[in-house]
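The values are calculated or read from the model by the stated rules, or taken from the named source; none is laboratory data. Given the structure is predicted, the values throughout are model-derived calculations rather than measurements. All Cβ positions, glycine included, derive from the backbone under ideal geometry; neighbour counts span all protein chains shown.
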């Protein structure tokens, strides 16, 4: 069974530029999560989808971050414009349904300079 | 903001000892609880899930849940150097949000 796929693996951008991350969840998984993990901290939930609906986006900085999950499968997370403090690893995870085990992709390491 | 708290450590144990990792959570409506292991530079990987009060054992790992005390723990028996990692507690809150703690760093000394 294929795992959660994320791309790109690494990205370096200048502040004020825009960037987008892509995630393809495990086939059949209805729930998809985006997390931000700053070095030395636990993953912080940015947004959680159930199929193509949003369950929670209370910690998503909506003035600069956006996310979508069209057709309830793939998802993209966008940052525009990026700030230095956005430097982090962005993790995508999926689970079969809410309440079941979540599995993570390899993450995208973003560096904003 | 629902909170999941862990002692950040670092926790050091000798090889062969029992490592005990603890987690408390604030949302009384939480129903599902998970432990993840994260090696440096890698993504979190699932170790165990626990849904009801009591103990759940899987090999060298035992998860313990006490919903009344809002407390989850992970015991690692016969600790090995390969167990050295950060251990993350995750909780599914009453509103179905999936939150993580800050993690406990474990070092197993040969």
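Looking at the range A:75-105, which of its residues are in a loop (DSSP other than H, G, I, E, B) and over 11 Å from the mean Cα position of the chain (by Cα)? Step through it out loud before you land on a result.
Start the filter on the range A:75-105 by keeping residues that are in a loop (DSSP other than H, G, I, E, B), which leaves A:80-83, A:87, A:96-101, A:105.
Residues satisfying the conditions are A:80, A:81, A:82, A:83, A:87, A:96, A:97, A:98, A:99, A:100, A:101.
Being farther than 16 Å from residue B:42 by Cα, out of contact with any strand residue (DSSP E or B) (no Cβ under 7 Å at 6 or more places or on another chain) and without any contact (Cβ under 8 Å) to a residue 12 or more places away in the chain is the filter here, so list the residues in the range A:1-56 that pass it.
Across the range A:1-56, the qualifying residue is only A:53.
What number goes with the only condition from (1) facing another protein chain (nearest Cβ under 10 Å); (2) part of a strand (DSSP E or B); (3) over 20 Å from residue B:88 (Cα atoms) that residue A:58 does not pass?
All conditions pass for residue A:58, except number (2).
If I filter the range A:85-113 down to residues being more than 24 Å from residue A:64 (Cβ to Cβ) and more than 7 Å from every other protein chain (Cβ to nearest Cβ), which single residue comes out as surrounded by the fewest Cβ atoms within 10 Å (Cβ to Cβ)?
Among residues in the range A:85-113 that are more than 24 Å from residue A:64 (Cβ to Cβ) and more than 7 Å from every other protein chain (Cβ to nearest Cβ), the one surrounded by the fewest Cβ atoms within 10 Å (Cβ to Cβ) is A:97.
Does residue B:8 fit the bill of being facing chain A (nearest Cβ under 9 Å), touching a residue at least 60 places away in the same chain (Cβ under 8 Å) and within 17 Å of residue B:108 (Cα to Cα)?
yes
How many residues does the range B:2-39 contain that are out of contact with any strand residue (DSSP E or B) (no Cβ under 7 Å at 6 or more places or on another chain) and at pLDDT 95 or above?
Residues in the range B:2-39 being out of contact with any strand residue (DSSP E or B) (no Cβ under 7 Å at 6 or more places or on another chain) and at pLDDT 95 or above: 2 in total.
Of all the strands (runs of 3 or more DSSP E) wholly in chain B, which have at least 3 residues that are farther than 24 Å from residue A:104 by Cα?
In chain B, the matching strands (runs of 3 or more DSSP E) lie at B:11-14.
Answer yes or no as to whether residue B:76 is surrounded by 14 or more Cβ atoms within 10 Å (Cβ to Cβ), within 14 Å of another protein chain (Cβ to nearest Cβ) and at pLDDT 95 or above.
no
Pick from A:60, A:70: which is buried (at least 17 other Cβ atoms within 10 Å of the Cβ) and in contact with a strand residue (DSSP E or B) (Cβ under 9 Å, 6 or more places away or on another chain)?
A:60
May I ask you to list the residues in the range A:29-42 that are in a loop (DSSP other than H, G, I, E, B), within 20 Å of residue A:84 (Cβ to Cβ) and at the interface with chain B (Cβ under 9 Å from one of its Cβ atoms)?
Within the range A:29-42, A:40, A:41 meet the criteria.
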